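The values are calculated or read from the model by the stated rules, or taken from the named source; none is laboratory data. Every value quoted in this text rests on a predicted model; they were computed, and no experiment measured them. Here the Cβ positions follow ideal geometry from the backbone for every residue, glycine too, while neighbour counts run over all protein chains shown.
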Amino acid sequence: MTAFTFSPRSLAAFALLAHAVVLPAAPAFDAHLPATPQTVLQGYYSASTAPAVKIKSGQTVKIDTLNSTELNAADYLAVLKKGGISPDRPFIKETVAILSGPGRVDPSGRGSRVSRLLTGPVYVEGAEPGDTLEVRVLDLEVQSDFAINRTITNMGHPLATITPTPEARIYKLDRAGGKVLFKPGIELPFWPYLGEMGVAPSEEMGIYTANRPSKLTGGSLDCPDLGKGATIYFPVHVSGGLFQAGGGKATGANGKVNYFGMEVPMTAYLQFIVHKGKAPPVVRAENATHYITFGTADVLDVVMRLATLEVVDFLKERADLDFFMAYSLTCLAIDFNITRANTTGQLMHTTIPKYIWAKDKTDYWYKGPLAAKYYLPGSYFDPKKSPYIKMDIF
Amino acid sequence: MHLPVFSALRTACLAALLVSIASAAEVAYDHYVPSKWNTVTWGIYSAEYKPAVKIKNGEKVKIDIANPSGSNRSNPKKFFVDNGISLELPVVQDILEIHEKTPFHPTGLRGALLTGPIYVEGAEPGDMLEVRVLDVRFRAPYGVNSTSPGSGHPLADLVPRPWVKKFDLNFEKNVAIFKEGEIELPLAPFMGQMGVAPPANAGAFGASPPTAIHGGNFDLQELVRGGTLFLPVNVEGGLFFTGNGHALQGNGEVTNPSLEVSLTGYFQFIVHKGRTLKMPQVETPTHYIFFGMHDSLDECMRQATLETVEFLQKRNKLDFYDAYALTSTAVDFTVARALLPMQMVYSFVPKHIFTAKTDYWYKGPTPVKY
């Protein structure tokens, strides 16, 4: 019999093939860190936290992160109920279990019982104080079909004084289509990123709480430019670095004005590379199009000054410029983005475009698509060409 | 209009430059305002000035602006001679004449050179003036950046002395040469200042701080070709001024001036009757942009957030929480002007999040980075 027929097995193979074509394969990984009471703690970074996994430099870890939007178990369940979300779904179930359990809270007592859930720490062999820990964001997967955004009262966000009551809202996600179905007529393209990525402080530095960014350890960077394809460079303060992550967002924006993005549980594929004895004094980052530096303080004017100093220092070094030229280049080519407008650690990140270097085109590991806001299909900006139109004169 | 009459020598001096650039056709316009000594002010927005031109609603105007950055009134030719800039360039001639003849304002207020005012017939207090940027062109192949100690910018206390530097513009490559062969900045020219006269009883407004009342010193790099600015009208005719050309800029404009250049702008003016504005607004092909202005960046942030939330509530009939959530998750905030007095924060509402597409007048390419 030569007639071509589909056997159930070939159909299954075909389905698998089709699946593989539609969804790009997740990156290979060397270790998996699921979200369990043993791997998830509540909102702090400490030198004395026992590692959840030990890896070698260069290895990739698949890290599952949870996100209760800093609610306790009862409030989180109430929000799910209001949104008609079953608490038995994967990632949600684990979140409820951890929030309902004894939990692992900041032993200093300063941290909040309800805080960002952080997965980790990852111990990278060979990382010692004085080294740099490079973390590459290979891939990010949104792990729910809804996102929570909350507006809180009586806390330092720009419209806190006119927010009458706290409110939590659930927004549906179209994961296959890669968008947040915000309201009929409003759709936000996915641009997933981890709001929280940080390393442990040394014992002398004490315990660092999440929800507050630090230029020494990272933490609550909340930076939409650190999505898939980004690289973050952390100074190492303790053996192994002790990296933790959480606060996943399906999408978000610079400002994060009501204190939350589109908060989701998220799986991250992160590669860790140790650079011996090359510590930048502070956290810096990079993506395919920009170098990124940070400034943080509680008052935006102070943040602005610190961010300016940091970028001027970066340019002096990177481009071999004197103070005046570095300051001038900062004025002419660098954007100051308000990353976190909240008085519990306001943050700016400066984006330094790589295209300004005329000859020195350094290669970058990530070659995939860029963030929606850098490249919208059908938009004017084709990153392969100059983003600027040809000018005419006279 | 007539081309300026050059001597053979002058023509030869400019020939290489002009021939080397294949200039695309100029956009059509109804009126032309040159930057002559009697059509400019030294940084003053005021109803006291006689209109440079009176136009009808909807008409297009070509406006030359002269940017004297680098040159000094006491010895106006020195900067150009020292930096090898031809004194025969029409804009340099304008600047030399302005230094000689245009008086400073009697109040002592002084700022960037502005061309105008443009009187738009039918514009009255309480209306809104829409200004469309049809095109922007360069008038000279150089730009100037500078900084000085103690003048309200983030590192003012670290600047040991005044510093001025001329940068060459390369129109072939469409870049400013920041460091020869190493650092090149793509050109994206725009007017740093676009504003209207304040109410007659408010007297003269200096050009340095922007205000919600007259607009002015926005330093908004998105107001390149294709941008639209909406301004309130305070006096009959609106009385629009523009100047302070920038070849390009980063959001923040930290050293205080940007890459200061002389430009020609092509604008269309449209009056919207009875649409009052409490704060100027901007629209681009890709974004709606809202402002916060104050000496404190935190207060700027609060104002810009409120403007954005109110816009989204109204535009998409959202309640406060949805509008605030949308602002938090889809709207980018940036420091536009880190300079005292009157710092500025902008919010960028991307149009692509709205599934119902709205038409916009400009269809060409834009240098929008976002």
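Which residues, counting only those in region B:316-332, are touching a residue at least 12 places away in the same chain (Cβ under 8 Å) and either farther than 23 Å from A:C223 by Cβ or more than 8 Å from every other protein chain (Cβ to nearest Cβ) (or both)?
At the first step, the residues of region B:316-332 found to be touching a residue at least 12 places away in the same chain (Cβ under 8 Å) are B:316, B:323-324, B:326-327, B:330-332.
Passing the criteria: B:N316, B:A323.
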Would you confirm whether or not region B:228-245 contains a residue that is at pLDDT below 90, buried (at least 23 other Cβ atoms within 10 Å of the Cβ) and within 28 Å of A:D335 (Cα to Cα)? no
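Specify the residue that is nearest to A:V283 (Cα to Cα); the eligible residues are those in region A:238-256 that are surrounded by fewer than 24 Cβ atoms within 10 Å (Cβ to Cβ) and not polar (S, T, N, Q).
Ranking the qualifying residues of region A:238-256, first place goes to A:V238.
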Residue hits (region A:296-345; touching an Asp or Glu at 6+ places or on another chain (Cβ under 9 Å), of a type in the set (V, I, T) and within 7 Å of chain B (Cβ to nearest Cβ)) are A:V299, A:I338
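Answer yes if at least one residue in region A:228-244 is under 24 Å from A:I152 (Cβ atoms), modelled with pLDDT of 95 or more and in contact with a Leu (Cβ under 9 Å, 6 or more places away or on another chain), and no otherwise. Let's see the steps before the verdict.
First pass over region A:228-244, keeping only residues under 24 Å from A:I152 (Cβ atoms): A:244.
If we keep only those that are modelled with pLDDT of 95 or more as well, we get A:244.
Within this subset, residues satisfying the condition of being in contact with a Leu (Cβ under 9 Å, 6 or more places away or on another chain) are A:244.
Yes, because at least one residue in region A:228-244 is under 24 Å from A:I152 (Cβ atoms), modelled with pLDDT of 95 or more and in contact with a Leu (Cβ under 9 Å, 6 or more places away or on another chain).
From the list B:P367, B:P341, pick out the single residue that is within 17 Å of B:Q221 (Cα to Cα) and either modelled with pLDDT under 95 or among the basic types (K, R) (or both).
Among B:P367, B:P341, only B:P367 is within 17 Å of B:Q221 (Cα to Cα) and either modelled with pLDDT under 95 or among the basic types (K, R) (or both).
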Residue within region B:161-172 that is without any contact (Cβ under 8 Å) to a residue 12 or more places away in the chain and not acidic (D, E) present: no
Does A:T293 qualify as being touching a Leu at 6+ places or on another chain (Cβ under 7 Å), within 14 Å of chain B (Cβ to nearest Cβ), β-branched (V, I, T) and surrounded by 20 or more Cβ atoms within 10 Å (Cβ to Cβ)? no
Considering only region B:47-64, state which residues are crowded, with 19+ Cβ neighbours inside 10 Å, outside any strand (DSSP E or B) and touching a Pro at 6+ places or on another chain (Cβ under 7 Å). B:Y49, B:A52
Under the condition of being more than 11 Å from the chain's Cα centre (by Cα) and away from every other protein chain (no Cβ under 14 Å), which residue from region B:208-226 is surrounded by the fewest Cβ atoms within 10 Å (Cβ to Cβ)? B:A212
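Tally up the residues in region A:311-335 that are closer than 30 Å to A:M155 by Cα and either at pLDDT below 95 or surrounded by fewer than 21 Cβ atoms within 10 Å (Cβ to Cβ) (or both), please.
First, pick out the residues of region A:311-335 that are closer than 30 Å to A:M155 by Cα: A:311, A:335.
With either at pLDDT below 95 or surrounded by fewer than 21 Cβ atoms within 10 Å (Cβ to Cβ) (or both) added as a condition, the list becomes A:335.
Qualifying residue count, region A:311-335: 1.
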Can you find a residue that is more than 7 Å from chain B (Cβ to nearest Cβ), modelled with pLDDT under 95 and in a loop (DSSP other than H, G, I, E, B) anywhere in region A:352-359? no
Restricting attention to region A:208-237, and to residues there that are within 14 Å of chain B (Cβ to nearest Cβ) and of a type in the set (D, E, K, R), which single residue is surrounded by the fewest Cβ atoms within 10 Å (Cβ to Cβ)? A:D225
Taking B:N67 as meeting all but one of (1) surrounded by fewer than 21 Cβ atoms within 10 Å (Cβ to Cβ); (2) in contact with a strand residue (DSSP E or B) (Cβ under 6 Å, 6 or more places away or on another chain), write down the number of the exception. (1)
Scan region A:140-167 residue by residue and report those that are in contact with a helix residue (DSSP H, G or I) (Cβ under 7 Å, 6 or more places away or on another chain) and facing chain B (nearest Cβ under 9 Å). A:N149, A:T151, A:P158, A:L159, A:E167
Tell me, please, whether a residue that is buried (at least 23 other Cβ atoms within 10 Å of the Cβ), in contact with a helix residue (DSSP H, G or I) (Cβ under 9 Å, 6 or more places away or on another chain) and assigned to a strand (DSSP E or B) can be found in region A:125-139. yes
Please verify whether B:F311 is under 27 Å from B:D135 (Cα atoms) and of a type outside the set (V, I, T), treating the condition exactly as stated. no
Which of the residues spanning region B:346-362 are outside any loop (DSSP other than H, G, I, E, B) and more than 9 Å from every other protein chain (Cβ to nearest Cβ)? B:Y346, B:V349, B:K351
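Here's a check for you: in region B:156-186, which residue that is among the aromatic types (F, W, Y) and assigned to a strand (DSSP E or B) is surrounded by the fewest Cβ atoms within 10 Å (Cβ to Cβ)?
This residue is B:W163.
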Would you check which residues across region A:79-92 are surrounded by 13 or more Cβ atoms within 10 Å (Cβ to Cβ) and either assigned to a helix (DSSP H, G or I) or in contact (Cβ under 8 Å) with a residue 40 or more places away in the chain (or both) and list them? A:V79, A:L80, A:G83, A:I85, A:R89, A:F91, A:I92
Quick check on my filter: what residues within region A:265-290 are surrounded by 24 or more Cβ atoms within 10 Å (Cβ to Cβ), assigned to a loop (DSSP other than H, G, I, E, B) and touching an Asp or Glu at 6+ places or on another chain (Cβ under 9 Å)? A:P265, A:N287
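Scan region A:373-390 and tell me whether some residue there is assigned to a strand (DSSP E or B), within 11 Å of chain B (Cβ to nearest Cβ), modelled with pLDDT under 50 and farther than 19 Å from A:W191 by Cβ. Full working, then the answer.
If we filter region A:373-390 for residues that are assigned to a strand (DSSP E or B), which is where we start, we get none.
Looking for residues that are assigned to a strand (DSSP E or B), within 11 Å of chain B (Cβ to nearest Cβ), modelled with pLDDT under 50 and farther than 19 Å from A:W191 by Cβ, one finds none in region A:373-390, hence no.
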Could you grab me the full set of residues in region B:340-362 that are within 26 Å of A:D301 (Cα to Cα) and out of contact with any strand residue (DSSP E or B) (no Cβ under 7 Å at 6 or more places or on another chain)? B:L340, B:P341
Within region A:248-297, track down each residue that is β-branched (V, I, T) and within 30 Å of A:R89 (Cα to Cα). A:T251, A:V257, A:V264, A:T267
Output yes when any residue across region B:187-200 is within 12 Å of another protein chain (Cβ to nearest Cβ), crowded, with 19+ Cβ neighbours inside 10 Å, in contact (Cβ under 8 Å) with a residue 40 or more places away in the chain and farther than 30 Å from B:T276 by Cα, and no when none is. yes
Taking only pairs six or more apart or across chains, which ones have beta-carbon atoms under 9 Å, a first residue in region B:63-89 that is at positive phi, and a second residue that is of a type in the set (G, A, S)? B:G70/B:S146
Let me spell it out: the conditions are (1) at negative phi; (2) at the interface with another protein chain (Cβ under 9 Å from one of its Cβ atoms), and B:E253 meets all of them except one. Which number is the exception? (1)
Restricting the search to region A:242-281, which residues are aliphatic (A, V, I, L, M), more than 14 Å from every other protein chain (Cβ to nearest Cβ) and over 23 Å from A:Q42 (Cα atoms)? A:I273, A:V274, A:A279
Does at least one position in region A:302-309 carry a residue that is farther than 20 Å from B:P149 by Cβ and in contact (Cβ under 8 Å) with a residue 60 or more places away in the chain? no
